[in-house]
Amino acid sequence: MMWSLWRCSSMTGSSAFTNVRVFKCFRQFVKNYNISARMPEAIAFQGVSDHSGLHKFSVNESETFWGALASQRLSWISPFNTVQNCNFSQGKIKWFEGGKLNVSVNCLDRHVHTCPERVALIWERDEPGTEVKFTYRELLELTCRLGNLLKRLGVRRGDCVTLYMPSCPLAVASMLACARIGAVHNVVFAGFSAEALADRIRDTQSSTVITVNQGVRGGKVIDLKRTVDQAVQNCPSVQQVLVAMRTENSVAMTDRDVPLEEEMMKEDVVCEPVTMDSEDVLFLLYTSGSTGKPKGLVHTQAGYLLYAAVTHRYVFSYQDGDVFGCMADIGWITGHSYGVYGPLCNGGTTVLFESTPVYPDPGRYWETVQRLGISQFYGAPTAIRLLLKYGDEWVQKYDRSCLKTLGSVGEPINREAWEWYHRVVGGGRCPVIDTWWQTETGGICIAPRPSDPDAEIIPGMAMRPFYGIKPALLDAKGEVLHAHDSTGALCISMAWPGMARTIHNDHQRFIETYFQPYPGYFFTGDGAYCSKEGYYQIVGRLDDVINVSGHRLGTAELEDVVVCTIKCVYVFVVLKKGVEVQEDVLAQQLREMVSRNIAKYASPDYIQVVGRLPKTRSGKIMRRVLRKVVERKTDDLGDLSTLDDSEATIILFP
Ligand code: 6R9
């Protein structure tokens, strides 16, 4: 077992020698960095500590607010000169200019200095009961070894490193190692295809890719290295692929491949952190856009880190000693901000979840909560909806008394799921926090309870803007809707430190997408309702991005594929109960509608009325099944084990 091997050696092998070296290194940090900042438990400015008072202060005195937080919560090598320098019409977003810092020092060294043996990561591996814990000291050592290895392999400040790895300590250490040496990371979700990976590698011109031989999820082994091999065939920029061994199965290695653990163990456990400017790039993360090509959103050092840390602390009421359980994969922004950067910057303990909500059974989440003592559970509505269908027993079997807060992210949480989460999972005891935000926003922007423990929470509503966030709803004409109790395009009217700075290689697209639709505002692409009380509820995307089980999919991207593979538009129609209509009349009407509202060429070639659509238990439409229908390959429908009702397929093909 390579993984436990290197872990053991990092524990035992580090011994006194390492500690002395590490200690010397920290003494140096104490000199170089302002590590004095102990985190106060509550924000209070000029005597104001209630939410609405503080919110007003944070938007009216934005510079004072963020300036104070930045100097208090981050360790700087040298202080910043200006708090912000932003201009929406130019798409210029700059925070804390002149400031110098290192993100990995903020996430690791300063905590190693005060509490080296505190657990930083709990790696909740696929098999329940096999979790592995990493202290801050161990994670720093791992990060330093990796940082040194990357440097030895020629990775320099500003170079982009693509990670294609599941959530695991080596992935976190790789992210932080990039931050340590000034490289930029680009994590690609390890479920994406070779083509999607190749696109992202090419767009970033990465020379280095880090992966694992195989992933393990839901009891299944996935050949990740093989996908990387396929992808890099079409990526001339790639010079080396670092391969970690998640399983004991060997993989074919080429000249380009570097055995990660073996090479890492040759490296020193001390790696000098590079001095970075606040506005140097920290990472790129790709997300679907409303036109074909995914957008590589760019996040920078200080503003992103501060915003992730402060939102993590206040939205979830995270306190020292809590165990933060973010279920999201590190391949999504949620995994970046609340699996890695927010909790680690706060010196917290964070869980990296490798499995699925239903492996080995639908009690997995709650068994994990009990075993690891999770205090804040942060999951997606799609998983909650899936689990509620299995019944309450799977939850009630386990002791959830450690839970304090239940978070939700990714898509609107419907009332039924909200109530179940609150009543059954939280036993009516824990607030349910619906958090609205995006890859572009870097961190949570709207959530019910930034800090005030007694604030009212309304089911299914994200409710209150976070500090420094000033939302606005605009109508189709671009007019601001001043009255409450209205619905419009959700925009944000002033800059905040966590927002993305640009789209990699395409600043013009950044301006056109986010700042031109409503001049003077950042446009989120979502629609929202604002209640009489001024609480926000997200209604969904306004552009042609669809949200499938919490993941953004550009319909243009889908169309690209559909058009070049089957070259026609095929529409399945499910009629409302009781509606009777002649199929040819309906088909005629639908074709006219599409021609009128989109274009003539988009008019469907085929229209089929069906009883219902094949869906997974989480409500996700099984498009591959539909595709087989279209291709007339109904004897080859593939694995239907996740189908919620196999009858549906029979209805499809009567
Ligand atoms: C963090 C994340 C962003 C899009 C966003 C919106 C939807 C996210 C939501 C929500 C309703 C919530 N979304 N949280 N909709 N309520 N609490 O998911 O980032 O992957 O970039 O997706 O997800 O449509 O615009 P990302």
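The values are calculated or read from the model by the stated rules, or taken from the named source; none is laboratory data. What you see is a predicted model, and the numbers here were worked out from it, not measured in a lab. FYI the Cβ positions are ideal-geometry reconstructions off the backbone, even for glycines, and counts take in every protein chain you see. Accessible surface areas use protein heavy atoms only, side chains included; no ligands, DNA or RNA. Shrake-Rupley method; radii C 1.70, N 1.55, O 1.52, S 1.80 Å.
Length gained on full extension, residue 97 to residue 272: 60.7 nm, using 0.36 nm per residue less the C-alpha separation. Protection proxy ranking for 430-439, 579-588, using the average of other Cβ atoms within 10 Å per residue and placing the highest first: 430-439, 579-588.
The simple Förster model, with R0 at 25 Å and r as the Cβ-Cβ distance, assigns residue 248 and residue 195 a FRET efficiency of 0.30.
For region 70-184, dividing the convex hull volume of the Cα atoms by the residue count gives 153 Å³ per residue.
Need one number: % antiparallel among DSSP beta bridges in region 297-455, to the nearest 5.
10
Over all distinct Cα pairs, what is the inverse of the mean 1/r for region 252-359, reported as the Kirkwood hydrodynamic radius in Å?
The Cα-based Kirkwood calculation yields 16.7 Å.
Available extension along the chain between residue 414 and residue 361 is 16.7 nm, counting 0.36 nm per residue and deducting the alpha carbon span.
Hey, can you find the accessible area per residue of region 53-164 for me, probe 1.4 Å, expressed in square angstrom? I get 33 Å² per residue for this part. Per-peptide packing, taken as the mean over residues of other Cβ atoms within 10 Å, places 174-181, 528-535, 369-376 in the sequence 174-181, 369-376, 528-535 from highest down. Using the Cα coordinates of region 67-112, the gyration tensor eigenvalues translate into equivalent-ellipsoid semi-axes of 24, 11, 9 Å, sorted from longest to shortest. Using only the Cα atoms of region 318-453, each taken as one equal point scatterer with no solvent, compute I(q) by the Debye sum, divide by I(0), and report log10 of the ratio at q = 0.11, 0.13, 0.19, 0.22 Å⁻¹. One equal scatterer on each Cα of region 318-453 leads to -0.35, -0.50, -1.15, -1.61. Beta bridges per DSSP, both residues in region 120-254: antiparallel share near 30 percent. Rounded to the nearest Hz, the phi-derived 3J(HN,Hα) couplings of region 431-442 under the Karplus curve 6.51 cos²θ - 1.76 cosθ + 1.60 (θ = phi - 60°) are x, 9, 10, 8, 10, 9, 5, 8, 3, 5, 8, x, where x marks glycine and proline. Summary value for region 111-256: 20 percent relative contact order, contacts being C-alpha pairs under 8 angstrom separated by 6+ residues. Residue pairs exceeding 23 angstrom between C-alpha atoms, taken from 532/577; 295/633; 92/295: 532/577; 295/633. Given an 8 Å cut-off on Cα distances and at least 6 residues of separation, report the relative contact order of region 408-484 as a percent. Once normalised by length, the contact order is 23 percent. The simple Förster model, with R0 at 56 Å and r as the Cβ-Cβ distance, assigns residue 484 and residue 255 a FRET efficiency of 0.30. Beta-bridge orientation, region 111-192: approximately 50 percent antiparallel, per DSSP, counting only bridges with both partners inside. On a full-extension model of 0.36 nm per residue, what is the gain between residue 398 and residue 114, subtracting their alpha-carbon distance, rounded to one decimal in nm? Residue separation times 0.36 nm, minus the Cα-Cα distance, leaves 98.8 nm. Projecting label points 7 angstrom from Cα along Cα→Cβ for residue 539 and residue 133 puts them 4.9 nm apart. Over region 332-432, Cα pairs under 8 Å with separation of 6+ residues give a relative contact order of 24 percent. Here residue 475 and residue 221 are evaluated by their C-beta separation; at R0 = 51 Å the FRET efficiency comes out at 0.45.
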